[in-house]
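Throughout, read-outs are computed from the coordinates displayed, never taken from laboratory work. Since the structure is predicted, the reported quantities are computational estimates derived from the model, not experimental observations. So basically every Cβ, Gly included, is an ideal-geometry build from the backbone, and we count neighbours across all protein chains shown.
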Amino acid sequence: METPLREPTFLILTALAGEPMHGYGLIAEVARLSAGRISLRPGTLYGALDRLVDAGLVAVDREQIVDGRLRRYYRLAEAGSGVLTAETERMRRNVEAATARLRAAKTPPRLSGGLA
């Protein structure tokens with residue numbers, strides 16, 4: 001899996017870190033986590049889930065029939081948890097660096113020696 005993760009992939013893994021979810025539950029949770037900025041279409045989600053399952057980051061948890069249709073639940077695999085942890089740490093370090101730079105830019109320069 002390439003890093004850094006694309007935001008939709010990061011949010012799918014984040015959603016699954018809580019509990020196993022089915023596709024439409026994932027679509028709703030990703031929208032919630034992103035405050036509505038990311039709106040996954042079913043085809044996009046299931047394509048991403050297929051790639052994540054193939055990469056060993058997500059696993060099928062269970063399947064059930066609901067109203068005559070198959071509902072598949074996915075869960076975060078151990079490898080997916082590791083990737084999510086590493087990506088979260090990478091982003092945390094980036095946020096700390098940016099925050100420090102922004103604080104430094106807002107600090108007025110010090111005058112050295114003498115009276116103005």
message = So if I take the alpha carbon set of the stretch 43-116, get Rg, then get Rh from the Kirkwood formula, what is the Rg over Rh ratio?
response = 1.44
message = Rounding to the nearest 10 and keeping the result within 0 to 90°, find how far the Cα-based axis of helix 7-18 lies from the longest principal axis of the chain.
response = 70
Of the trypsin sites (Lys or Arg not before Pro) in the stretch 16-95, those whose Cβ has at most 10 other Cβ within 10 Å and which sit in DSSP loop = R37
note = In whole angstrom, largest first, the equivalent ellipsoid semi-axes that the Cα gyration tensor gives for the stretch 7-95 are 23, 15, 10
Helix 23-33 axis, angle to the chain major axis (alpha carbon atoms, nearest 10°) = 20
note = Only helices counted: for the chain, with every DSSP H run of 4 or more residues adding -39500 (n - 2.57) and the sum spread over all residues, [θ] at 222 nm is -18500 deg cm²/dmol
Potential extension, R110-R62 segment - 0.36 nm per residue separation minus Cα distance = 11.0 nm
key: Inter-label distance, nm, simple model (7 Å from Cα along the C-beta direction), A86/L33   = 1.8
note = For the chain, averaging the sequence separation of alpha carbon pairs under 8 Å that lie six or more residues apart and dividing by its residue count, the contact order in percent is 25
task = Post the alpha-carbon centroid distance, the stretch 11-31 to the stretch 37-108, in whole angstrom.
result = 8
